1. Can you pull out the residues in the stretch 111-143 that are of a type in the set (A, V, I, L, M) and surrounded by 17 or more Cβ atoms within 10 Å (Cβ to Cβ)?
2. If I ask for residues that are within 16 Å of ligand 2 (Cβ to nearest atom), without any contact (Cβ under 8 Å) to a residue 12 or more places away in the chain and assigned to a loop (DSSP other than H, G, I, E, B), which ones from the stretch 169-206 would you list?
3. Test Gly82 against the criterion of being small (Gly, Ala, Ser) and loosely packed, with under 15 Cβ neighbours inside 10 Å, and give yes or no.
4. Going through Asp160, Asp120 one at a time, which residue ends up being in contact (Cβ under 8 Å) with a residue 12 or more places away in the chain, out of contact with any Leu (no Cβ under 9 Å at 6 or more places or on another chain) and either farther than 30 Å from Glu39 by Cα or outside any loop (DSSP other than H, G, I, E, B) (or both)?
5. Restricting the stretch 96-106 to residues that are in contact with a strand residue (DSSP E or B) (Cβ under 9 Å, 6 or more places away or on another chain) and more than 8 Å from ligand 1 (Cβ to nearest atom), which is farthest from Leu144 (Cα to Cα)?
6. Tally up the residues in the stretch 130-150 that are within 11 Å of ligand 1 (Cβ to nearest atom) and either over 17 Å from Ile9 (Cα atoms) or assigned to a loop (DSSP other than H, G, I, E, B) (or both), please.
7. If I ask for residues that are under 18 Å from Ile103 (Cα atoms), loosely packed, with under 15 Cβ neighbours inside 10 Å and not charged (D, E, K, R), which ones from the stretch 259-292 would you list?
8. Where in the stretch 1-107 are there strands (runs of 3 or more DSSP E), lying fully within it, with 1 or more residues that are over 30 Å from Ile177 (Cα atoms)?
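Values in this text are rule-based calculations from the coordinates and carry no lab data. These numbers were taken from a predicted model, which means no experiment stands behind them. Note: ideal-geometry Cβ built from the backbone for every residue, glycine included; neighbour counts use all protein chains shown.
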Amino acid sequence: MNSCLAIDIGGTKMAAALICDGVISYLTQIKTPSSTRPEAMDEALTELISGLDKDADFIAVASTGIIHNGILGALNPVNLGGLNNYPLKSKVQEISQRPVYVINDAQAAGWAEYKSLPQDISNMAFITISTGVGAGIVINNKLLTGSRGIAGHAGHVLADPNGSRCGCGRRGCVESIASGTAIGNAGKVLWGEHCDGKYVYKKFLEQDPQAQKIIQRSAQTIANLVADLSITLDVEQVVLGGSIGLAPGYIELVRHCLDEFPPAHQSRLSTAACGADAGLIGAAQWALSLQK
Ligand code: BMX
Ligand code: ZN
């Protein structure tokens, strides 16, 4: 049982890859449907899986949202076009007729990144800054998934008590300031509705002062989150991923802010060794570890 079809469902895109002995042999991606209709997700999954699953012994799914008992529950439903309480595991099983393993996307990516670090590191955190902000935390060599699948949802800790309301219902979460969606929303106020996180980041790289302010605020918020994780969990390393976390220049901004904190609030900082494939690779590795 070693050939895996790994699927990564993010707020913006869905990717699938065949992974055999840790090697990715085929990769494809489609847009995540933005709809409250579960049928739209059924169709997207069927499109991704059909044809690819014939070579797979099992399916491993990393998905945005809280994964509990195989159900995808959104903490921030806005990120999934309002879709909530979706029976992810049984649906993928129905489509593929294979054993299916499901895990949160940031937890999966955190597991892959932990496995890529030197063996003497037992405590680490991975933070994805993408459509949302998520985290995967490994303590004493164990991935924290929590009793309800919620562990690691660090995008929803407090960043600004006077901040705007986050999609999860709380005010001032890290995600509502630092995520690609939040960056895009800040850009919409300045440059209009067509604006998204990618557009603001492009302007940041062109040294537009207003875009620099928006990206700087995101990086400062993530640096504070790194400091909070370091001082509460004593992690030895924090790894950044996701489209914003991996974007050129972002980690340097975070590192610069982190340097201002006392030493106990700091950790070694790096970008994801598995890059954008961390969720896919981690889901496959996690499923394999459950089979042992
Ligand atoms: C949100 C939450 C997390 C997820 C994180 C990053 C939802 C739908 N998602 O905080 O479960 O891990 O975003 O997700 O509530 P991504 O979509 O940016 O990959
Ligand atoms: Zn929130």
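1. Applying the first criterion (of a type in the set (A, V, I, L, M)) to the stretch 111-143 yields 112, 117, 121, 124-125, 127, 129, 133, 135, 137-139, 143.
Residues satisfying the conditions are Ala112, Leu117, Met124, Ala125, Ile127, Ile129, Val133, Ala135, Ile137, Val138, Leu143.
2. Gly169
3. yes
4. Asp160
5. Taking the stretch 96-106 and keeping what is in contact with a strand residue (DSSP E or B) (Cβ under 9 Å, 6 or more places away or on another chain), we get 96, 98-106.
Cutting the leftovers down to more than 8 Å from ligand 1 (Cβ to nearest atom) gives us 96, 98-103.
Numbers: Ser96: 28, Arg98: 26, Pro99: 23, Val100: 20, Tyr101: 16, Val102: 14, Ile103: 11 Å.
Only one residue fits best here, namely Ser96.
6. The qualifying residues number 5.
7. Looking only at the stretch 259-292, we keep the residues that are under 18 Å from Ile103 (Cα atoms), and these are 274, 276-292.
Cutting the leftovers down to loosely packed, with under 15 Cβ neighbours inside 10 Å gives us 289-292.
Of everything in the stretch 259-292, those that are under 18 Å from Ile103 (Cα atoms), loosely packed, with under 15 Cβ neighbours inside 10 Å and not charged (D, E, K, R) turn out to be Ser289, Leu290, Gln291.
8. Answer list for the stretch 1-107: 3-9, 13-20, 23-31, 58-63, 100-104.
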